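Where a number appears in this text, it was derived from the coordinates with a stated rule and is not lab data. Every value quoted in this text rests on a predicted model; they were computed, and no experiment measured them. Positions of Cβ are backbone-derived with ideal geometry, glycine not excepted, and every protein chain shown enters the neighbour counts.
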Amino acid sequence: MATNSNEQAAAEQPGLNGINGGAAAEHAAPKDRPLDPELLSQITAFRTRIQASVGEVVLAMLNLPRYRNQTLADVMHLVVEPMIRDRIAIAKSGGDGKLEETAGIAIWASVSDEVDAKIREQIQARVFPVRLKAEDWNSGDTHWLLDVIAPSQKVATAVLANFKQVVKDKPVRIHPIVSQLVDPAVLDKMKVRPVGEAGGGSLGAHNGLATRTLRKAADSDRE
């Protein structure tokens, strides 16, 4: 009778990943294998770099009215997803014994024809910032400069010039808001026009309205 009671009590205990409880789970689980120290060091360094860079970009965005309506959840698709795909470039100032500081930030994408059309549609609809899926950021060979974050027009223009060196001789399409942040003379010299303006790609009848709306956003950021 005692045996039956013990069996009944055991049957009433909740299972832990196995019929006979934790012991079965322990036998079923493979032993943890230690990572190679060099690989572990690389993973740690990558994680630290990403965390620091995300912090830099988010802090820079906090100062800009054009990002004021973004939520914490937006950080993933606005910052983390492009960053881990190497689609956020951070320019540094300093060096030679001086403290390095963030001078400017470029947010860009290399996209497929389908994603290119998606970006154009969002510009026409006056959507900012542009929303892309994780896989969109490096889906093709069409280069888009989606935003430049910099403290002045001079620095923003320098970031644009450096970005052109990154993509070399490949054509670049820039978001209309970028054209309001950089020196227009430099844009003409580089033969770069924002999509949505004459010569920069047709977006329909509301191109001018979209550009004017984004110009107001850029002007607000400079105030």
Original post:
When you count, for each residue, the other Cβ atoms within 10 Å and take the mean per peptide, how do 119-129, 42-52 rank with the highest first?
Top reply: 119-129, 42-52
Subject >> Where labels lie 7 Å past Cα in the beta-carbon direction, separation of Val186 and Asp36 in nm >> reply: 4.3 nm
Subject >> Computed FRET value (nearest 0.05) for Thr71 with Ile50, which takes r as the C-beta separation and R₀ as 35 Å >> reply: 0.95
